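The block underneath contains the structure these notes are about, expressed in structure tokens.
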Amino acid sequence: MTDILVIGNPTIDFIQGQYFGPGGPIVYVSNSLSMLGEKKINIVTSFGEDFSIENFTDNINLFRLRSDLTNKFDFDFLSGIRKIHAIEYGQKIKITDVKLDKSPEIIYISPVLNEFSICETKLLMKKFKKSFFVGMPQGWIRKLLGEKVKINFSDIENFPFFDVLFFSEEEILNSNLPLEKFKKLAKILVITRGDKGSSVYMGPESFDFSSKKMNPISSIGAGDIFASIFSHTLFHSNDLIFASELANKIAAKSTMYKGLQSINSDVFKIPTKRK
């Protein structure tokens, strides 16, 4: 078993004003890791009474900062481009809220609306220098304009250096920044491309991996599942190609289910070792 820390706030998701279900990277990540057999998942998060702790498969080591509100996002896909409205949001998380006896082997930084900041992450990296840091920093590039969430990369120069860093193709294209700038932010940069698969950049090398074609019901959470499987598998196998292929298969299968229903034994019923 691996000592793991996951930091970020969950969400309650709506689509065009209609309730969709509970979500957020921290939930998809921790539940995916649980499906892989991990039992030592430390979760530092904040949410209100309207979000059930039972949404976390393994909540034994969950440290919850009580908040009056839970992050609520309303997604709009009608234009073909995902738009987000933030209806409510939970409180911030500080490094002083991370109370662990020893260094985690893997740390997932997964904010949804800057609840765990760049500055706090740098302090955490200084504290746990030997940990394997996985960045899912969508919360750092989301800025509020009223209730509208706008993508803004103005803080990218301050990003810390990750072992593995994930962005979606949509985010990269909206940044209007050269790919080289993103490659300098991590040892391994992964760009998820939805049903087109993923691209992985490691130093001067790059790899493209296709995705298994499915008839999807929902893609919400698939990117978070991909990131969880890829980084966990890479950490244990040091096999980038195997990690990518496995993550693509699981993420593709997860789109056949709605929301957290995508994290089930059928989706994860595939070999976890290269034959």
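Readers should treat all values here as calculations from the given coordinates under stated rules, not as data from a laboratory. Keep in mind the model is a prediction, meaning the values are calculated, not measured. Quick reminder, even Gly has a Cβ in these numbers, built from the backbone with ideal geometry, and neighbours come from all protein chains shown.
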Taking R0 as 35 Å, what FRET efficiency do you get between Ile87 and Cys119 from their Cβ-Cβ distance, rounded to the nearest 0.05? 0.85
Order these peptides, 262-269, 107-114, by their mean beta-carbon neighbour count within 10 angstrom, highest first. 107-114, 262-269
Using the eigenvalues of the Cα gyration tensor, what equivalent ellipsoid semi-axes result for the stretch 147-271 when each is taken as the square root of five times the eigenvalue, whole Å, largest first? 25, 19, 12
Given the alpha-carbon gyration tensor of the stretch 90-153, what are the semi-axes of its equivalent ellipsoid in whole angstrom, ordered largest first, with each equal to the square root of 5 times an eigenvalue? 25, 12, 8
A correct Karplus calculation of ³J(HN,Hα) over the stretch 33-39, with 6.51 cos²θ - 1.76 cosθ + 1.60, θ = phi - 60°, whole Hz and x for Gly and Pro, returns 5, 5, 5, 7, x, 6, 10
Using the scaling law 2.2 N^0.38 Å as the reference, what is the normalised Cα Rg of the chain? 0.92
Enter the Cα centre distance for the pair the stretch 100-122 and the stretch 158-231, rounded to the nearest angstrom. 19
Nearest-20 debye value, the stretch 4-262 charge dipole, Cβ charges on Lys, Arg, Asp, Glu: 440
Highest first, please rank the peptides 142-148, 89-95, 233-239, 6-12 by the mean number of other Cβ atoms sitting within 10 Å of their residues. 6-12, 89-95, 233-239, 142-148
Added length on full extension, which subtracts the Cα-Cα distance from 0.36 nm per residue, Asp266 to Asp101: 55.9 nm
How high is the relative contact order of the chain, in percent, counting Cα pairs under 8 Å that sit 6 or more residues apart? 16
Principal axes first, then extents: for the Cα atoms of the stretch 65-192, list largest minus smallest coordinate on each axis, whole Å, largest first. 46, 41, 21
Integer Hz, Karplus 6.51/-1.76/1.60 couplings in order for the stretch 221-234, x for Gly and Pro: x, 4, x, 5, 5, 4, 4, 4, 5, 4, 5, 5, 5, 5
